[in-house]
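K.L.:
Next up is a structure, given as structure tokens.
The values are calculated or read from the model by the stated rules, or taken from the named source; none is laboratory data. What you are looking at is a predicted structure, and each value in this text was computed from that prediction instead of being measured. Here Cβ is always computed from backbone atoms with ideal geometry, including for glycine, and neighbour counts include all displayed protein chains. Note: accessible area is taken over every heavy atom of the protein model, side chains too, but ligands, DNA and RNA are not part of it. Shrake-Rupley method; radii C 1.70, N 1.55, O 1.52, S 1.80 Å.
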Amino acid sequence: MKHNVAEGNHRGKLPRDLTGKILPSPDRVTAKGDGKVRFTPFRVQVSKLAPVPRAPACAPKKWADIPRPAGSALTEVPMLRVGKRIRISTLSFLLCFLSFLSIAFPSHVHCKLLLDLENPNMAKMPIAVPDFVPQGAGALNGRELARIIRNDLYLTGLFDIVESSPPNPQNPADPPDFDAWSQTGAQALILGRFQVRGDEWVLEAMLYDVALKKLELGKRFSGRINDHRIMIHKFGDRVMEKLTNIPGCFTTQIAFVSDGQSREIFTMDFDGHNLRQLTQTGSINLSPEWSPDGRGIIFTSYLNRKPDLWALDFASLRPYVISARPGLNASGRYSSDGKNIALSMSFNGTPNIFIITPQGNIIKRLTSGRGNDISPTWSPDGSAVAYVSDQAGTPQIYIMPVNGGEARRLTLQGNYNTDPKWSPRGDFLAFTARIEGRFQICTIKPDGKDLRVLTKTGSNRDPTWSPDGRMIAFQSDRDGKKLIYVMDARGETQVPVSPVTGKAPAWSRTGR
Amino acid sequence: MSSRYLIQGMTVLFVFLILASGCARKIVRPDAVPQPGFVGPQVGGPVLEHELQVVQTNLQPIYFDYDGYTLSPEAQAALQHNAEILKRAPQVAVVAEGHCDERGTAEYNLALGDRRARSSVEYLATAGIAPNRLSTVSYGSELPVDPAHNEGAWAKNRRVYLRVSR
């Protein structure tokens, strides 16, 4: 397919500055009675957007072939819930760059940039994220800002970050030199420019398809400087949605237990920033688990000198008991609808798996064997619970249907398989296996097939899935200290993220 | 009268021999726990404090094999010894604290520690200690008595510690 378009001067007109003159007006922010800031969608009218001369004529056939809801890039409603005073305006407009002169290079004839996540042999997408460009002086550093989203994308294991970068265009409002970017190998390009005004800042971030020389996504954010990380994470979520059809989870958090002199529960952003101490009890606290709505956690605590199941609402920050029966009340896990908690209790003599309400009332006893049963994990549809039992002599993982039936042993290899965690996508369970005296993170399909060992160095334990099922956080001592690591679900990229030693990470199911 | 003095003398001698023989296991005193503030009930009260301390000092830890919660002959001997001491102090209750070494995963270790404590308590009950004097708590691998990462430390950490209370 050849496009003999005369000249590349039909380049899309990007918003030229940060004053918003040619941008659609930002989403309206309304403060409701509860003080939370809500966002109402900006009604996008295509005609109001930057005029694109002869745009329809320039649409490449491949691009046009891809079915999309009309105006989908324009009417995206940001899924903002928590961030304060962040405004996002959609500045993306279907600018078709007419400069398809370089079609002579066959490699430039391709489909929309999209990572096929179902393809096991999927190649990583080379993506370039040059330092963001400041417009005027300010407290923020463009290199640090770009590093945030670069790191987000790197941690997914889906991207190769292209390091080299051609010089910035003389005029920041000019579109990038796609040919130069193409020569770096980058298929996708993220550019950002920003302006600081007092304690607020404005960011314009763009995602380009380098080969098609096309703007895929453009967002304008404004908010407090203190929220700059979450604003960039939110753009990263949108980039993931564009490139994988599934929004990213870069605004999610990980709770964990400190592993030093105390056993207090901390939270941090998934990339290790924004560390906060959640409990200050002076007692042992273990096994944090987020409520599915993100409003609190449950955890095992020795506040009353024995392992009881406690809950902590973020609103009140006051812990309260859920289950304090004699013996163990440990490893509580919410079902994905938040209506049930599976946990291990030993008031009957041996630790068995029970299902209780979030108020602590027993719904049913799930296991009754003579082995030690612990560490339940729900299937995403709530129909089954996997757990650890040593009923056969060694700790192994079993799956029990919730509404009656026999337990089925899942792990058949090795003599120590613990910590099962069912992927939110349902396709795998992650668990900890003891292999040659060390612990390693493995995944296995619910039918027992496709066992993969994802870690190799040091001892690695306590896997927890990201809510999109694409990443796993875990504890590793491979570098001497026991830190929380994040890896992609294939184990290709494994990076320590926690700024302090920790264990028992639990990934939140909602973003900030 | 003389027999009473004899019993008291025998007890003192017995205690002395245990302490002096060097075969006594290392006893974890509340103030020797690496992380104070984590430990169980702190006993108080001026009257029985000394007696409690004597009983506490004479109770032996029960040690376990790796990944195991069955009672070895040595563990049974220690429990038998502990049962005799507890029989002589009927006003004393004990909490059996189950511990594991670090070579396990935390949640399974909680279950394992619970089972170790329970098997110890069951032995004591069989040996004649009233069940209402016995309770259990599992600390998993959260409170190692020896934080080192070697066989010696692990062997010391796989234990049930009987903590006295009133």
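K.L.:
Which condition number does B:Gln80 fail, the rest of (1) open to solvent by 10 Å² or more (accessible area, probe 1.4 Å); (2) facing chain A (nearest Cβ under 10 Å) being met?
P.N.:
Here B:Gln80 clears every test but (2).
K.L.:
Here's something else I'd like to know. Collect the residues in the range B:83-105 that are more than 24 Å from A:Gly332 (Cα to Cα), open to solvent by less than 30 Å² (accessible area, probe 1.4 Å) and out of contact with any Gly (no Cβ under 7 Å at 6 or more places or on another chain), keeping them in residue-number order.
P.N.:
Passing the criteria: B:Ile85, B:Leu86, B:Ala89, B:Val92, B:Ala93, B:Val94.
K.L.:
So, one more: Run A:Phe256 past the list (1) more than 14 Å from chain B (Cβ to nearest Cβ); (2) under 19 Å from A:Pro424 (Cβ atoms); (3) not small (Gly, Ala, Ser) and report the number of the one that doesn't hold.
P.N.:
The failed condition is (1).
K.L.:
Further question: So, in the range B:99-120, exactly how many residues are in contact with a helix residue (DSSP H, G or I) (Cβ under 9 Å, 6 or more places away or on another chain) and farther than 24 Å from A:Gln475 by Cα? Walk me through how you get there before you give the answer.
P.N.:
Initially, the range B:99-120 is screened for residues in contact with a helix residue (DSSP H, G or I) (Cβ under 9 Å, 6 or more places away or on another chain), giving B:99-104, B:119-120.
Checking the rest, the ones that are also farther than 24 Å from A:Gln475 by Cα come to B:119-120.
So the answer is 2.
K.L.:
Kindly check whether there is at least one residue in the range A:480-502 that is under 30 Å from B:Ala148 (Cα atoms), of a type outside the set (Lys, Arg) and more than 22 Å from the chain's Cα centre (by Cα).
P.N.:
Kept after step one, since they are under 30 Å from B:Ala148 (Cα atoms), are these residues of the range A:480-502: A:480-487, A:494-502.
Narrowing the set further to residues that are of a type outside the set (Lys, Arg) leaves A:480, A:483-487, A:494-502.
From what is left, the residues that are more than 22 Å from the chain's Cα centre (by Cα) are A:480.
Within the range A:480-502, one or more residues are under 30 Å from B:Ala148 (Cα atoms), of a type outside the set (Lys, Arg) and more than 22 Å from the chain's Cα centre (by Cα).
K.L.:
Within the range A:441-463, can you find the residues that are open to solvent by 10 Å² or more (accessible area, probe 1.4 Å) and either within 14 Å of chain B (Cβ to nearest Cβ) or of a type in the set (Gly, Ala, Ser) (or both)?
P.N.:
A:Gly448, A:Gly458, A:Ser459, A:Arg461, A:Asp462 - these are the residues of the range A:441-463 that are open to solvent by 10 Å² or more (accessible area, probe 1.4 Å) and either within 14 Å of chain B (Cβ to nearest Cβ) or of a type in the set (Gly, Ala, Ser) (or both).
K.L.:
Out of all the residues in the range A:426-444, is one or more of a type in the set (Val, Ile, Thr) and farther than 28 Å from A:Met125 by Cβ?
P.N.:
As a first pass, look at the range A:426-444 and keep what is of a type in the set (Val, Ile, Thr): A:432, A:435, A:441, A:443-444.
In the following step, the residues that additionally are farther than 28 Å from A:Met125 by Cβ were identified as A:432, A:435.
Yes, the range A:426-444 has at least one match.
K.L.:
Further question on the same structure: Can you spot a residue in the range A:236-253 that is over 30 Å from A:Val129 (Cα atoms), assigned to a loop (DSSP other than H, G, I, E, B) and touching a strand residue (DSSP E or B) at 6+ places or on another chain (Cβ under 7 Å)? Before the answer, list the steps.
P.N.:
Let us first name the residues in the range A:236-253 that are over 30 Å from A:Val129 (Cα atoms), namely none.
No; the residues of the range A:236-253 include none that is over 30 Å from A:Val129 (Cα atoms), assigned to a loop (DSSP other than H, G, I, E, B) and touching a strand residue (DSSP E or B) at 6+ places or on another chain (Cβ under 7 Å).
K.L.:
Here is a follow-up. For the structure I just gave you, tell me whether A:Ala205 is out of contact with any Leu (no Cβ under 6 Å at 6 or more places or on another chain), among the aliphatic types (A, V, I, L, M) and at pLDDT 95 or above.
P.N.:
Yes, satisfied.
K.L.:
Is it fair to say A:Arg150 is under 20 Å from the mean Cα position of the chain (by Cα), open to solvent by 20 Å² or more (accessible area, probe 1.4 Å) and in contact (Cβ under 8 Å) with a residue 60 or more places away in the chain?
P.N.:
Numbers: under 20 Å from the mean Cα position of the chain (by Cα): yes; open to solvent by 20 Å² or more (accessible area, probe 1.4 Å): yes; in contact (Cβ under 8 Å) with a residue 60 or more places away in the chain: no.
It is false that A:Arg150 is under 20 Å from the mean Cα position of the chain (by Cα), open to solvent by 20 Å² or more (accessible area, probe 1.4 Å) and in contact (Cβ under 8 Å) with a residue 60 or more places away in the chain.
K.L.:
Sticking with this structure for a sec: Taking the range A:362-389, which residues are at pLDDT 95 or above and among the charged types (D, E, K, R)?
P.N.:
Passing the criteria: A:Lys364, A:Arg365, A:Asp373, A:Asp381.
K.L.:
Please count how many residues of the range A:329-353 are without any contact (Cβ under 8 Å) to a residue 24 or more places away in the chain, closer than 16 Å to B:Leu110 by Cα and of a type outside the set (S, T, N, Q).
P.N.:
3
So that you can scan it fast, the table gives a plain yes or no per residue for (1) at pLDDT below 85; (2) under 23 Å from A:Asp308 (Cβ atoms); (3) buried (at least 23 other Cβ atoms within 10 Å of the Cβ):
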| residue | (1), (2), (3) |
| --- | --- |
| B:Ala20 | yes, no, no |
| B:Arg29 | yes, no, no |
| B:Val33 | yes, yes, no |
| B:Pro41 | yes, yes, no |
| B:Glu49 | yes, no, no |
| B:Thr57 | no, no, no |
| B:Gly68 | no, no, no |
| B:Gln76 | no, no, no |
| B:Glu107 | no, yes, yes |
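K.L.:
Taking the residues in the range A:259-282 that are open to solvent by less than 30 Å² (accessible area, probe 1.4 Å) and polar (S, T, N, Q) as candidates, determine which candidate is farthest from the other protein chains (Cβ to nearest Cβ).
P.N.:
A:Thr267
K.L.:
Output the residues belonging to the range A:283-313 that are open to solvent by less than 20 Å² (accessible area, probe 1.4 Å) and within 11 Å of chain B (Cβ to nearest Cβ).
P.N.:
A:Ser283, A:Ile284, A:Asn285, A:Leu286, A:Ser287, A:Thr300, A:Tyr302, A:Pro307, A:Asp308, listed by residue number.
K.L.:
In the range A:476-512, which residue that is within 14 Å of chain B (Cβ to nearest Cβ) and open to solvent by 10 Å² or more (accessible area, probe 1.4 Å) is farthest from A:Tyr334 (Cα to Cα)?
P.N.:
Of everything passing the filter in the range A:476-512, A:Gly480 is farthest from A:Tyr334 (Cα to Cα).
K.L.:
Pairs needed: first member in the range B:135-148, within 11 Å of another protein chain (Cβ to nearest Cβ); second member anywhere, in a loop (DSSP other than H, G, I, E, B) and open to solvent by 30 Å² or more (accessible area, probe 1.4 Å); C-beta distance under 8 Å; at least 6 residues apart or different chains.
P.N.:
From residues that are within 11 Å of another protein chain (Cβ to nearest Cβ), the pairs are B:Ser135/A:Pro326; B:Val137/A:Arg305; B:Val137/A:Lys306; B:Ser141/B:Glu102; B:Leu143/B:Pro34; B:Pro147/B:Pro34.
To keep it simple, each residue is scored yes or no on (1) under 22 Å from A:Ser375 (Cα atoms); (2) touching a strand residue (DSSP E or B) at 6+ places or on another chain (Cβ under 8 Å).
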| position | (1), (2) |
| --- | --- |
| B:Pro61 | no, yes |
| B:Phe64 | no, yes |
| B:Ser72 | no, yes |
| B:Ala75 | no, yes |
| B:Leu79 | no, yes |
| B:Ile85 | no, no |
| B:Gln91 | no, no |
| B:Ala96 | no, yes |
| B:Glu102 | yes, no |
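K.L.:
Just name the residue that is farthest from the chain's Cα centre (by Cα) out of those in the range A:394-408 that are in a loop (DSSP other than H, G, I, E, B) and within 11 Å of another protein chain (Cβ to nearest Cβ).
P.N.:
Pass one, the range A:394-408, residues in a loop (DSSP other than H, G, I, E, B): A:394-395, A:402-407.
Imposing the further condition that a residue be within 11 Å of another protein chain (Cβ to nearest Cβ) reduces the set to A:394-395.
Details: A:Thr394: 34, A:Pro395: 31 Å.
Looking at residues that are in a loop (DSSP other than H, G, I, E, B) and within 11 Å of another protein chain (Cβ to nearest Cβ), I get A:Thr394.
K.L.:
When you scan the range A:324-377, how many residues do you find that are open to solvent by less than 10 Å² (accessible area, probe 1.4 Å), more than 14 Å from chain B (Cβ to nearest Cβ) and assigned to a strand (DSSP E or B)?
P.N.:
Qualifying residue count, the range A:324-377: 3.
K.L.:
Continuing with this model, one more query. For the range A:223-240, indicate whether the set of residues that are open to solvent by 10 Å² or more (accessible area, probe 1.4 Å) and among the aromatic types (Phe, Trp, Tyr) is non-empty.
P.N.:
No; the residues of the range A:223-240 include none that is open to solvent by 10 Å² or more (accessible area, probe 1.4 Å) and among the aromatic types (Phe, Trp, Tyr).
K.L.:
If you scan the range A:409-434, which residues turn out to be part of a strand (DSSP E or B), away from every other protein chain (no Cβ under 13 Å) and either open to solvent by less than 60 Å² (accessible area, probe 1.4 Å) or touching an Asp or Glu at 6+ places or on another chain (Cβ under 8 Å) (or both)?
P.N.:
Initially, the range A:409-434 is screened for residues part of a strand (DSSP E or B), giving A:409, A:417-422, A:429-434.
Narrowing the set further to residues that are away from every other protein chain (no Cβ under 13 Å) leaves A:409, A:422, A:429.
Listed by number, the residues that qualify are A:Trp422, A:Leu429.
K.L.:
Related question: Condition test on A:Ser316, is it surrounded by fewer than 17 Cβ atoms within 10 Å (Cβ to Cβ), modelled with pLDDT under 95 and away from chain B (no Cβ under 12 Å)? Lay out the reasoning, then the answer.
P.N.:
Numbers: surrounded by fewer than 17 Cβ atoms within 10 Å (Cβ to Cβ): yes; modelled with pLDDT under 95: yes; away from chain B (no Cβ under 12 Å): yes.
Answer is yes for this residue.
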